[in-house]
Amino acid sequence: MRMAETADNAGTAPGSAPGTPPGTGGGADTTARASGATGLRKASWKHIGPGIVVAATGVGAGDLVATLIAGSKFGYTLLWAAVVGCLVKISLAEATGRWHLATGRTMFDGWRSLGRWTSVYFGIYVVVWGFVYGATAMSSTALPLAALFPGMPGGLKTFAIAAGLIGLVLVWFNRYHRFEKLMTVLIGIKFLIVVYVAIRVVPDLPAAFAGLVPVLPDGSFLYTLGLIGGVGGTITMAAYGYWVNAKGWTDSSWMKVMRLDNRVAYLTTGVFVVAMLIVGAELLHASGIALASGDRGLVDLSDILERRFGTFTAKLFLIGFCATSFSALIGVWHGVSLLFADFVERLRSGSESRAEEVASGAREHTRPFRAYLLWLTFPPMALLWLNQPFGLVVVYGVLGAFFMPFLALTLIWMLNTSRTPGAWRNGILSNSMLAIGGLLFVVLCVQQVRELLW
């Protein structure tokens, strides 16, 4: 049976040369896309970018603290679950990017081809989710800043509002390429700091390798599901295809490049998660120390680090915490605004949404893009006065759980039908990973709703 992964070996389409930009060479590009046989560009590290953005956006403070708590309760035993989570997300992001490149159409255009219900679902979801996420992201960024500068008038609210406004300005006035450079700096900061902290606690390498063997200790089932399902993003997974197009990758000649980019993204994500699991296992599990749930747990960790390693390490960790939260904030401000702009433009025009439109940067100038930016920034500020930033994290987690089953199952539908050129449809591996992910996210969604209601 053909596997989508083997399509890397496809030959060059007649009349087209490898690396030919879309729209050149007459009808060769259209023919090549339809046949799935366009010449593939050589995968090169110099092209990497959208994967860095999705890794910086997808791993927020909530992911880090959930991993910390798992490490504090079970040591290295659930390390294998973090690895499986990365593999599931690699499959999801690869499928998203493959849809954009193989078809030349956007994710929302694919959803719309499945029926009107997808537009209704997405429209309601993106409005409600954005309102809650805006407050969650601003509060999460404010927590480490308030700990670093405790004397600031207004405390948490002042820092939260400032984070939202700075994110708004950075995305409003910068196009994708500058945004990517900023995200690269932020992910570099948090990568170095998290790895530094993991090295400081001196990992038990034999125990870590033993944790790669799948084991479920008593009481670990829900933590295991959380680790697998929570590694790296919710709705931002769908934004990956838009960032791929914004980078200028608009046809299947970029498939190898996209796959390398995606693997680097989730290798980076895996390092984050493993590093935080090491910190939880070595610093907390061995000492029997419990952390608060939600982002507050990272502030607690900075206090523990200060007692153990001194003020410098504690302050450095808070800077990494801030970079983690702020990169997630501006990643959503940009990526989900692209999704929303595509959603509105397609409803207005009724025409197909093409990858070239996203690549041109035109989407970032539209009123729907900027309207959603404002929606993410200003209305959620009202929630800051509820004085329950950690409750917002819980509600956000539940809303996020509703999107991932939708994404996984619709990708299976879109990538196994004539909507996708034959050479780029799912194979056994892709279908298996997406099905496992979809089932997992359904279970997580049901569990999180139960926790919220009962």
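The values are calculated or read from the model by the stated rules, or taken from the named source; none is laboratory data. Just so it is clear, the structure is predicted and the values come from calculations on it, not from any experiment. So basically every Cβ, Gly included, is an ideal-geometry build from the backbone, and we count neighbours across all protein chains shown.
Candidates in segment 184-240 are the residues that are hydrophobic (A, V, I, L, M, F, W, C) and within 30 Å of G110 (Cα to Cα); of these, the one that is modelled with the lowest pLDDT is V231. Return the residue satisfying two criteria in turn: it lies in segment 316-352 and is of a type in the set (S, T, Y) and crowded, with 24+ Cβ neighbours inside 10 Å, and of such residues it is nearest to S140 (Cα to Cα). Checking each candidate, the answer is S325. In this structure, A362 does not qualify as surrounded by fewer than 18 Cβ atoms within 10 Å (Cβ to Cβ), more than 30 Å from F149 (Cα to Cα) and at pLDDT 90 or above.
The criterion of being of a type outside the set (V, I, T), surrounded by 22 or more Cβ atoms within 10 Å (Cβ to Cβ) and closer than 22 Å to V244 by Cα holds for G110.
When you look at F209, is it assigned to a helix (DSSP H, G or I), aromatic (F, W, Y) and under 19 Å from the mean Cα position of the chain (by Cα), yes or no? Spelling it out, it is not the case that F209 is assigned to a helix (DSSP H, G or I), aromatic (F, W, Y) and under 19 Å from the mean Cα position of the chain (by Cα). Taking the conditions exactly as written (crowded, with 16+ Cβ neighbours inside 10 Å and either farther than 23 Å from E306 by Cα or hydroxyl-bearing (S, T, Y) (or both)), does A160 satisfy them or not? For A160, the condition - crowded, with 16+ Cβ neighbours inside 10 Å and either farther than 23 Å from E306 by Cα or hydroxyl-bearing (S, T, Y) (or both) - is met. Out of all the residues in segment 335-348, is one or more over 23 Å from the mean Cα position of the chain (by Cα), closer than 22 Å to G248 by Cβ and at pLDDT below 90? Within segment 335-348, one or more residues are over 23 Å from the mean Cα position of the chain (by Cα), closer than 22 Å to G248 by Cβ and at pLDDT below 90. Residues to consider are T250, T236, T269; find the one that is touching an Asp or Glu at 6+ places or on another chain (Cβ under 6 Å), of a type in the set (V, I, T) and buried (at least 24 other Cβ atoms within 10 Å of the Cβ). Going through T250, T236, T269 in turn, the sole match is T250. Going by what's in this entry, would T141 be described as modelled with pLDDT under 90 and closer than 16 Å to A323 by Cα? Spelling it out, it is not the case that T141 is modelled with pLDDT under 90 and closer than 16 Å to A323 by Cα. Return the pairs, sorted by first residue and then second, in which the second residue is among the hydrophobic types (A, V, I, L, M, F, W, C) and surrounded by fewer than 18 Cβ atoms within 10 Å (Cβ to Cβ), the first residue lies in segment 344-373 and is touching a residue at least 40 places away in the same chain (Cβ under 8 Å), the beta carbons are less than 7 Å apart, and the residues are 6+ apart or on different chains. Note: pairs meeting the criteria are R370/W172; L373/W172. You will find that of D29, D63, the residue that is within 30 Å of A281 (Cα to Cα) and either modelled with pLDDT under 80 or of a type in the set (G, A, S) (or both) is D63 and no other.
The set of residues in segment 254-284 that are farther than 18 Å from V244 by Cα and among the charged types (D, E, K, R) contains only E282. Looking across segment 193-206 at every residue that is part of a helix (DSSP H, G or I) and touching a residue at least 24 places away in the same chain (Cβ under 8 Å), the one that is surrounded by the fewest Cβ atoms within 10 Å (Cβ to Cβ) is identified as Y196. For segment 159-166, the criterion of being assigned to a helix (DSSP H, G or I), at pLDDT 95 or above and more than 19 Å from F321 (Cβ to Cβ) is satisfied by at least one residue.
Pairs are defined by a Cβ separation below 8 Å, a sequence spacing of at least 6 or placement on different chains, a first member in segment 150-176 that is under 14 Å from S337 (Cα atoms), and a second member that is of a type in the set (F, W, Y) and assigned to a helix (DSSP H, G or I); the pairs so defined are G167/F326; G167/W333; L168/W333; L170/F179; L170/W333; V171/F179; V171/W333; Y176/W243. Here G123 does not fit the description of being over 21 Å from A93 (Cα atoms) and at pLDDT below 90.
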